[in-house]
């Protein structure tokens, strides 16, 4: 884990992760969900932005199984990285975990779970749901 503090735009996000909350931003001007955290809405350019807590439910938009990984992650292969469309209208990338015996594919429903990553930093992962 890096000793650097999160930047001002992402500090609420990382605070939420530490509390097992998946936070995202909502533009109060155009009502669009925003992810990754930033200070200006990418849709309308507004800066009236509030923080919300996601249900953590969504579906896989795209996924890829990783068989060749950097040395730091070699003990994890194979693992699945996915783009997740959350119910609240934003998309994020994460790893799918605990999927043994299940088909992981586009359209599969998932839910967030929080675990420490390889560096011991709390991180959002996703598991499949039926």
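The values are calculated or read from the model by the stated rules, or taken from the named source; none is laboratory data. Since the model is a prediction, treat every value here as computed from it, not as a measurement. Here Cβ is always computed from backbone atoms with ideal geometry, including for glycine, and neighbour counts include all displayed protein chains.
Checked against (1) surrounded by fewer than 12 Cβ atoms within 10 Å (Cβ to Cβ); (2) without any contact (Cβ under 8 Å) to a residue 40 or more places away in the chain; (3) over 17 Å from the mean Cα position of the chain (by Cα), residue 72 passes all but a single condition, namely (2).
When restricted to residues that are closer than 21 Å to residue 118 by Cα and surrounded by fewer than 15 Cβ atoms within 10 Å (Cβ to Cβ), the stretch 75-95 contains 6. Within the stretch 16-35, being over 14 Å from residue 123 (Cβ atoms) and in contact with a strand residue (DSSP E or B) (Cβ under 8 Å, 6 or more places away or on another chain) holds for 24, 25, 26, 27, 28, 32, 33, 34, 35. Listed here are the strands (runs of 3 or more DSSP E) enclosed by the stretch 21-130 that have at least 1 residues being in contact with a helix residue (DSSP H, G or I) (Cβ under 7 Å, 6 or more places away or on another chain) and modelled with pLDDT of 95 or more: 23-27, 49-53, 109-116, 122-128. Restricting attention to the stretch 7-42, the residues that are closer than 17 Å to residue 116 by Cα and over 15 Å from the mean Cα position of the chain (by Cα) add up to 0. What are the pairs, 6+ residues apart or on separate chains, where a residue within the stretch 92-108 that is closer than 15 Å to residue 56 by Cβ has its Cβ under 6 Å from a residue that is assigned to a loop (DSSP other than H, G, I, E, B)? Listed pairs, sorted by first residue: 92/35; 96/104. Considering only the stretch 11-48, how many residues are over 15 Å from residue 86 (Cβ atoms) and surrounded by fewer than 19 Cβ atoms within 10 Å (Cβ to Cβ)? Of the residues in the stretch 11-48, 21 are over 15 Å from residue 86 (Cβ atoms) and surrounded by fewer than 19 Cβ atoms within 10 Å (Cβ to Cβ).
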